[in-house]
1. Of ARG255, ARG284, which residue is closer than 25 Å to THR773 by Cβ, surrounded by fewer than 23 Cβ atoms within 10 Å (Cβ to Cβ), in the same structural domain as ARG95 (by TED's automatic domain parsing) and touching a strand residue (DSSP E or B) at 6+ places or on another chain (Cβ under 6 Å)?
2. Hey, among VAL672, VAL640, which residue is of a type in the set (Val, Ile, Thr) and out of contact with any Lys or Arg (no Cβ under 8 Å at 6 or more places or on another chain)?
3. Among the candidates ALA557, ALA573, ALA527, single out the residue that is buried (at least 18 other Cβ atoms within 10 Å of the Cβ) and at pLDDT 95 or above.
4. What strands (runs of 3 or more DSSP E), lying completely within segment 748-845, carry at least 3 residues that are in contact (Cβ under 8 Å) with a residue 60 or more places away in the chain, surrounded by 17 or more Cβ atoms within 10 Å (Cβ to Cβ) and among the hydrophobic types (A, V, I, L, M, F, W, C)?
5. Within segment 495-504, does at least one residue satisfy the condition of being part of a strand (DSSP E or B) and hydroxyl-bearing (Ser, Thr, Tyr)?
6. Given the residues GLU498, GLU459, GLU433, which is the only one that is in the same structural domain as ARG576 (by TED's automatic domain parsing) and either exposed (fewer than 15 other Cβ atoms within 10 Å of the Cβ) or modelled with pLDDT of 95 or more (or both)?
7. What are the residues in segment 484-495 that are of a type in the set (A, V, I, L, M) and at pLDDT 95 or above, if any?
Amino acid sequence: MSRPTDVMSADEYRPLAMRQRTLHMVGNSHLDPVWLWPWQEGYQEARATFWSAIHRMEEYPDFVFTCDQVVLLSWVEEQDPELFEQIRKRVAEGRWVMTGGWWVEPDCNMPGGESFVRQGLYGQRYLHEKFGVIATVGMNVDPFGHNAMLPAILNGQRMDSYTFLRPGPHESDLDGTAFWWEAPDGSRVLAYRIPFEYCSPPGDVAYQTEKSLGQLDRSLGDVMIFYGVGNHGGGPTKANIDSIHRHDQRGSYGRMIMSSPRRYFDELIARRGPDGLADLPVWRDDLQHHASGCYSSHSGIKQWVRRTQAALLSAERWAVVGSVTHDDDYPRDELGHAWKQLLFNQFHDILPGSAIEHAYDDARDQLGEAVAIAKRIITRVHNRIARDVAIPFQDGTQPVLVFNPHPWAVTADVELQYGVQPTGVHVVDADGELVPSQPIQSVATTNDKGRGAVVFRAELPPLGYRLYRLLPGVAPAGLTWSGGAAPGSLSASETVLENDVLRAEFDPATGWLSSLLDKRTGVDLVAGAVGEHTQVSEDPTDTWGHGVVSYAWPGEAMKTTRIVLRENGPERARLRVERSWGRSTLTEEFILRQGADELEVRATIDWREQAHLLKLRFPVALADPEATYEIPFGTLRRPVDGAEEPGQSWVDLSAPGAGLAVVNNAKHGYDVSPAHDGASPSIGITAVRSPVYSWHDPRLLDPDGFYSFQDQGVQRFSYLLVPHAGDWRAAGLTRRAAELGSLPRAMLESFHDGALPAEASYVVDDGAQVMITAVKGAEDGDAPAPDLIVRAVETTGVAAAGVRLALPLVDRVVEADFGPHQIRTFRVPRDPRQPIVEVDLLEWPVDGDVPAQPVGAGPASGDGAHGDGRLGSAEPSEGAFTPAERLAAGEGPQHEDGSAGGA
């Protein structure tokens, strides 16, 4: 039954006896660009789905379509200009509503903080450029959990509210449907958990409506119900829309209107008023858990994404340096393309490991392209700088420049391959002073006796470089040490690694630590701790790990098969421990550097098991410890209860006086387990799982079927064991994680004159609690030589006053105070006469209006639109972007009578 359009309004059909509530029917089409199909299929389906939405608008004058995932719009733009123009017209009418504002609906736990920033940076700016609008409602309906810092990121991207589905009522202690979600920095969004589902069958919406009403917090009153065929796209059908009109006329469930998330939130704000909004519950935590196995499914995609994030952040920094020091054009387009490849592959069915097997061939290729772009940019800039460093000729020596990608001083071991030195080498700095070094195994296995490898200690200035030299043979007597002081002691055997800070003892039977003494505190973090380091368990769970609360299951320890002392030199010692279980092996190489306060471990897993998992466990001799996890741009305390949890690069267990952190460069699935069944408290990393690809409960596997299992073969990653005093904040864990994920780069160089000194630094933070996370070129303005964008975050949860972020690159300094976990971004002009301006995460002035619509872009008709269902100017009023915490004070936008849809 089609709705009459020219006779009577729906209001005249509604019975007086109907329920006095409004159901905001949100027509949408959730489209997974990759899942049980490759991206090429998603590419076509975006066009088909969006044409369907346009046709529904032609047939039903009140129909409103809600759209998120900007990548889909970009796909349509490049393949179907006619359709793209139709979408622009409907945006201008206010019937095509932009929500979400992100490039894709990513996994909302595992990407790094900067990746979440770029989701909105590229997404919102695309909407603004192409349609003259931005989204004000965040929308991630399908991801499997949401990290606690998202409200801060959403606020910084001019979104004041958020819609999501998971975790559902059965998966969380979260009460109600609408609530305030508050980040650790105090930022808030008005959040709405979608009752029941975000998509619907193609027919009558009665089932969708009834199930949604059954999960509704009835104290809320009006409800937002999503409908439309989804996952593989499709969108609202004629049958969907006809049934809404029919039920609305009958008053079956109350008043039913075609609506959008923005309209719903505006009416909620207006209806409840300041006092009613203040009465809404406040949630100060992650939104977890759903599909806990996704924190560890498909080790490859996790590691590729981590590597790509680090490479692009480094490339941006060096591209800025090159654009200032050598007038190189800033590669904005190259970097934008690479970032979009990364953002796409953080999609919530790629990064979590839940897509079909050959989707990961595409992901590997796309992320490889992004890394290749980053490496080209970095190498080009490094060579431009190196050519201008003054390197006087010195017979028999080989100059080496080492570049630090981090805006703080770094001391690191640099491993370097060299040639034409059959007697080996020693290393000196630019002043000829001796640097700790030792020979290591070359990666080349040939008869060329001149090929070799060396590891040496590099002490590097912040975001800069330093010159070293390789000299032939062993160091002659009488050389002074770089820095003036000889290195401390270092000793090693097949059971002990020891320097001036740490002493690590190994049990020859288990191959694991029996002691880890921190000489600074006198506390042994491991002695007396009970529990195996390795646990192999049968894993009958599906790819997602549906229903999994914990993977801290009883398991069998791998058998230690060999312990070998591989290196024992003046700079570092390296102990290799080999283990096996079934057809699989684990090799861990423990490396202790001279003077280091951390034990580095390089792990290689050759996994040949099906439907099994491996936990690496780190028992500690601490009583009643507290657990802290790194999350994007922040930290979070979590219970010590063995639950499988998502995290970024590190997890810490601390008790008064002492603690142990585990930092890694590839894994995201953790647990922190209490003392139980005779075992000590421990940190666990889910190192590998091997479920069938894209196997989803309740489907049962055919015992006679043929399946492909994940994570078969070799993988490598590294982790650090970091003992510290009782407060993890003093251990600099976030910086250590960044250094582990992005190593210094060393390059062999020639002799030449030059204007640059042997050492230089371009960007410097103070090395303390406020850390610079991004240095990049601005997204607008002069393309070859843009202003600098500098972003920093407070990393410890403690306010910091008088922070100095120095940019000797342009001879400028940013001075600012930071609140706990606060993210701040600054636009720094190259011209010292121009003021430094604080900007938001979209790189627009904080508290300023949205910039004027770009020339030649925006709505196709003369009427502007907010892009959220509210008609009006293309430059939204200030209230449209008021942070959500202001809404609670009654300063939020009022609902406009001109909203699209409804009566």
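1. Answer to the selection: ARG284.
2. After applying the criteria, what remains is VAL640.
3. When all the criteria are applied, what remains is ALA573.
4. Qualifying strands (runs of 3 or more DSSP E): 770-777.
5. no
6. GLU498
7. LEU490, ALA492 - these are the residues of segment 484-495 that are of a type in the set (A, V, I, L, M) and at pLDDT 95 or above.
Yes/no per residue for (1) modelled with pLDDT under 95; (2) within 35 Å of the chain's Cα centre (by Cα):
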residue	(1), (2)
PRO392	no, no
ILE440	no, yes
ARG466	no, yes
ALA475	yes, no
SER482	yes, no
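The values are calculated or read from the model by the stated rules, or taken from the named source; none is laboratory data. Since this is a predicted model, take the numbers as computed values, not measurements. Here the Cβ is made from the backbone with ideal geometry for all residues, glycine too, and neighbour counts use every protein chain on show.
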